[in-house]
Ligand code: GDP
Ligand code: MG
């Protein structure tokens with residue numbers, strides 16, 4: 001019987017509605033960007049396979065289904081997270097100001113065993129807009145916030161122009177892996193000599 005080992009890492013993406021969470025995930029996983037705004041409906045997670053230092057890793061990236069507007073994401077959303085990605089829009093001050101709430105909300109709901117050591121990553125998105133002329137949050141301000149929360153890693157991204165997206169998610173995966181809460185999952189091949197009856201549990205009805 002063959003068994004293949006891989007590590008499953010759960011990453012959750014939080015931040016104000018409109019900051020670009022879904023777009024960043026779409027760009028990373030599907031290499032697609034859409035200018036149209038559609039509130040994410042019904043989506044839960046997307047996955048991406050990665051090889052990190054000879055380890056096969058499945059990143060399970062959880063998106064909100066638009067409920068972030070009400071901060072009501074439910075316990076299942078937070079449960080077992082290995083890394084939390086916070087996203088804000090560098091052109092919208094409010095999306096930066098609410099980071100404290102998202103950070104706090106995550107720690108409250110996910111309730112990790114060591115809150116101070118739990119890995120977060122901050123993404124300052126939409127740096128492409130107006131060639132950077134409309135940005136209202138400076139890189140320094142964002143980095144100061146990261147330092148105040150215990151050295152959170154920071155990346156500036158553009159989901160539209162695919163800028164820093166791969167790099168950011170690779171760091172997210174490495175950070176989550178270092179946290180080592182990942183579950184190992186085993187895919188075992190099914191023995192071929194199982195009869196039809198046995199597979200159906202012997203019921204002939
Ligand atoms: P979410 O609510 O956080 O999931 O945000 P979305 O991913 O739905 O994005 C909100 C809007 O911003 C959409 O119209 C996107 O096309 C747009 N958007 C997202 N990321 C970028 C970006 O990096 N640059 C630009 N110019 N627009 C973006
Ligand atoms: Mg969305």
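Each value in this text was obtained by applying a stated rule to the coordinates, not by laboratory testing. All of these numbers come straight from a predicted model, not from anything done at the bench. Quick reminder, even Gly has a Cβ in these numbers, built from the backbone with ideal geometry, and neighbours come from all protein chains shown.
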Problem set entry | Relative exposure of 73, 123, 8, judged by other C-beta atoms within 10 Å (fewest first) | 8, 73, 123
Seminar exercise, completed: Placing each pseudo-label 7 Å from Cα in the direction of the beta carbon, residue 8 and residue 166 end up separated by a distance in nanometres of 2.8
Seminar exercise, completed: Footprinting proxy, 83, 146: sorted fewest to most Cβ within 10 Å, the residues are 146, 83
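How much length, in nm to one decimal, is gained on full extension between residue 71 and residue 52, taken as 0.36 nm per residue of separation minus their Cα-Cα distance?
Details: separation 19, 0.36 × 19 = 6.84 nm, distance 3.32 nm.
So the extension gain works out to 3.5 nm.
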Exercise. What is the fewest-to-most order of 49, 161, 68 by other Cβ atoms lying within 10 Å of their Cβ?
Worked result: 49, 161, 68
Problem set entry | Shape of segment 129-170, Cα gyration tensor, a/c cut at 1.5 | oblate
